[in-house]
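The values are calculated or read from the model by the stated rules, or taken from the named source; none is laboratory data. It should be emphasised that the depicted structure is a prediction, and the values quoted were computed from it without experimental measurement. Neighbour counts run over all protein chains shown; Cβ positions are idealised from the backbone, glycine included.
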Amino acid sequence: MICMNRFMQSLKKRVIAFALVAVVIAAAGGWWYVSYYTRTPEYSIKMVQEAVSQHDKEKLYKYVDVNHMLDTASDAMLDGLVQAMVPATGDTKEAVSSLTKMFKAPVIMSLQSAVDNYVAQGTWIDENVDERSMAAAVDADMIVNRIGLPNISFQKLESMAVDFDNGTAVAKVQVRQTEAGEDYTLDVELVETDSGIWRIYEITNFKEFIENLQRLRQRHVKAYLDESASLMEQHDAVIAAAEQEIAGLLANGSLGSNATRSQVKAVLENKLIPDWQARKAELEAMEVPDAAGSLHRLRLKICDARIEAAASYAKWMDDKKAATIRASDNSLRMARTLEKDAELLTKQVNAHVR
């Protein structure tokens, strides 16, 4: 009995000691979390992610120096876009830099709107805008798409280099740019505040990111122009042969002859129209970069106009109605006008591809 009492007393002491150790460890852990971890750059990165997922604007502004971020991001965007399109040095660079400063204020306003919308709704552009706000929404949409924001997604925090003496840190943040189909590492600078909180201050290589994205887009545009030019050259040869055949039939015959009209109709329906339809189908199957979207849509309209003109002309070979031949002539004039527009637009697009 005495031994049992001693054993129980010893067990109680051990339990109490264990409990005290657990309390001390828990207290130490809580102290470490509050006093240390919450005052690290890693914690600030985590809080920014939470702010976005929880649509918490106040928390975002607590851990991000939004004003400075927008200021430096607008500079990087304008410089990066210009440098990618028109590489400038010396006096030319200074002149271009002065010109881009004129656009800085509206760019900052658009970026500010985009950031606020993204935190509040999870989208860069507010889809519930009235007509008076539509112009601003379009501007913001253009800017965020220009710098590829809708196609960027966070992947991971690669590393964190902290300079405690200077109160700065650089986070290597890997993002995925789906338009480019590539991963890219952004250098995110954080600065320690007087209260001990670390705030995201600047993306120091954002200009290089913009330049790389623009060059990639230029390569995509060049690839589209080269591929579509080859495609249309092949079809132009077929169309030229069909038109030459029709010219030969008309030179050796007469539109007053049913036989000639039947032969011309056969060339239209069996060679010329199918080739324009094939051209349109092949164009529709192409991958089209945004920068070439207007040109591509114009080319599809040309196909439609040419098909309509040829179809009406073939129909006229049978019905001989004035309304039918007028419809053919109208479609042909439309096609030729669109072709002139496409030629000019092709030159403009080519001018921005180095």
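A few remarks follow.
- Which listed residue, of Gly181, Gly167, is within 30 Å of Asp290 (Cβ to Cβ) and either surrounded by 19 or more Cβ atoms within 10 Å (Cβ to Cβ) or not assigned by TED's automatic domain parsing to the domain that holds Cys303 (or both): Gly181
- Residue, surrounded by the most Cβ atoms within 10 Å (Cβ to Cβ), within region 246-275, restricted to residues that are hydroxyl-bearing (Ser, Thr, Tyr) and touching a Ser or Thr at 6+ places or on another chain (Cβ under 8 Å): Thr260
- Scanning region 149-161 for residues that are part of a helix (DSSP H, G or I) and among the aromatic types (Phe, Trp, Tyr) turns up nothing.
- Listed by first and then second residue, the pairs with beta-carbon distance under 8 Å, at least 6 apart or on different chains, first residue in region 51-63 and assigned by TED's automatic domain parsing to the domain that holds Arg199, second among the hydrophobic types (A, V, I, L, M, F, W, C) and assigned to a loop (DSSP other than H, G, I, E, B), are Lys62/Ile197; Tyr63/Ile197.
- Candidate set from region 138-196 (those that are free of Cβ contacts under 8 Å to residues at least 60 places away in the same chain and among the basic types (Lys, Arg)); member that is farthest from Ala76 (Cα to Cα): Lys156
- Any hit, region 316-323, residues being surrounded by 19 or more Cβ atoms within 10 Å (Cβ to Cβ) and within 19 Å of Val238 (Cα to Cα): no
- The condition of being modelled with pLDDT of 95 or more, of a type outside the set (Ser, Thr, Tyr) and farther than 30 Å from Glu179 by Cα holds for only one of Glu243, Glu284, that being Glu243.
- Residue within region 336-346 that is at pLDDT 95 or above, surrounded by 15 or more Cβ atoms within 10 Å (Cβ to Cβ) and touching an Asp or Glu at 6+ places or on another chain (Cβ under 9 Å) present: no
- In the set (1) aromatic (Phe, Trp, Tyr); (2) under 28 Å from the mean Cα position of the chain (by Cα); (3) surrounded by 15 or more Cβ atoms within 10 Å (Cβ to Cβ), Trp198 fails one condition alone, (2).
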